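To start, the structure under review is shown below, and the notes come after it.
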Amino acid sequence: MMKIRIYQVDAFTDQLFGGNPAAVCPLDKWLSDSLMQKIAAENNLAETAFFIRNSNNDGYEIRWFTPEMEMDLCGHATLATAHIIFTEMSFTNDEINFKTKTAGELTVIREKKDSLYILNFPSRPATKVDLPDGLLSALDNNITPMEVYKARDYMLVYENESDIKQMSPNFAALAKIGSGLTVIVTAPGHEVDFVSRFFEGSIIVPEDPVTGSAHCTLIPYWSERLGKNKLHAYQISKRKGELWCENKGDRVLISGKAITYLKGEINI
């Protein structure tokens, strides 16, 4: 029987049961894709991250799985993985390099002063598009967004934070609009520069609590609109997450905190 270490981390928060939970599995070598997918489905969290030491032994390779599929990029599970490397694996440097299949090289820096992990991710600016048929009624708030954009995700921009808070989407209707539909809704914040929520056409994880990769699109938009490169944000799901952001042109910095919830073993 093979034993695999597993950790669960709440990311983009310093409070247990807040932020976005992710499972993290250190590996000596890659498992088969089908086995990693089964583990992610069994964990039944928004993301399970798997990582190995790279061949040069100077960094790591990382992959992310939802219960349904492998993802191209995931912020909160990368933050969670970095947290485990820094706190559980006797890693002495303050910067981790991750190689990925689909998002190039990512780095995470530990800033000890404020207990922050700083993710350096690719920027994904969005372009204006038309509102997809059925999306407004599926969001069930009867408020037309001011603007609609799309990069990987649709991004709907609203007038104020209360528009975002009161949304109660019909997730079955969202799933019917298109396979893999992902939607960011965002507005200026009362206490921060901007707020957001993130919805998916998925039965398993219909609302992602805190979505680092969505901020690859949110940051360039709000940076240009507000005329500032450094931004403070909340993702106002029930679990809530806090992010400190910076626009660096073709890259974005996404910073947050993390706390370990559990440590265990998987028996396979």
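By the equivalent-ellipsoid construction on the alpha carbon gyration tensor, the chain comes out with semi-axes of 30, 21, 16 Å, ordered largest to smallest. Computed from Cα atoms, the angle from the helix 33-43 axis to the main principal axis of the chain rounds to 70 degrees.
If you look at the Cα atoms of the range 127-247, you get an Rg and a Dmax of 13.3, 38 Å.
Computed over neighbours whose Cβ is under 14 Å from that of E161, the net charge equals -1, Lys and Arg +1, Asp and Glu -1. Dividing the summed -39500 (n - 2.57) terms of all DSSP H runs of n ≥ 4 by the residue count of the chain sets its mean residue ellipticity at 222 nm at -5500 deg cm²/dmol.
Under the shape rule built on the C-alpha gyration tensor, where the axes satisfy a ≥ b ≥ c, the range 1-86 is oblate, since a/c reaches at least 1.5 while a/b does not exceed b/c.
Checking the cross-link pairs K99/K257; K38/K128; K150/K238 against a 28 Å limit on the alpha carbon distance flags K38/K128 as lying beyond it. Electrostatic tally near V185: other residues with Cβ closer than 9 Å to its Cβ, Lys and Arg +1, Asp and Glu -1, net 0. Remark: relative contact order (the chain) = 23 percent; criterion is Cα-Cα distance under 8 angstrom and separation of 6 or more residues.
Tally Lys and Arg at +1 and Asp and Glu at -1 over the other residues with C-beta under 13 Å from the C-beta of G134: what net charge comes out? Within the 13 Å Cβ shell, the charges total -2. Highest average first, the peptides 125-134, 93-102 ordered by how many other beta carbon atoms sit within 10 Å of their residues are 93-102, 125-134.
Packing-based ranking of 244-252, 67-75, 45-53, 210-218 yields 210-218, 45-53, 67-75, 244-252, ordered from highest to lowest mean Cβ neighbour count within 10 Å. Reported to the nearest whole Å, the Cα centre-to-centre distance from the range 37-107 to the range 116-145 is 25. Say R0 is 45 Å: what FRET efficiency, to the nearest 0.05, do I268 and K112 get from their beta-carbon distance? Efficiency at R0 = 45 Å is approximately 0.80.
Placing unit charges on each Cβ (+1 for Lys and Arg, -1 for Asp and Glu) gives the chain a dipole about its Cα centre, and among V192, F17, V205 the Cα reaching farthest toward its positive end belongs to F17. Between N93 and D58, full extension at 0.36 nm per residue minus the direct alpha carbon distance yields a gain of 11.5 nm.
Placing +1 on the Cβ of every Lys and Arg and -1 on the Cβ of every Asp and Glu, with no other charges, gives the chain a dipole of roughly 380 debye about its Cα centre. Of the residues W222, S168, F121, the one whose Cα sits farthest towards the positive end of the charge dipole of the range 111-261 is F121 (charges of +1 on Lys and Arg Cβ, -1 on Asp and Glu Cβ, taken about the Cα centre).
Bear in mind these aren't lab numbers, they're just calculated from the coordinates by the rules spelled out. Quantities reported herein were computed from a predicted structural model and do not represent experimental measurements. Note that each Cβ is placed from the backbone with ideal geometry, even for glycine, and that neighbours are counted across all protein chains shown.
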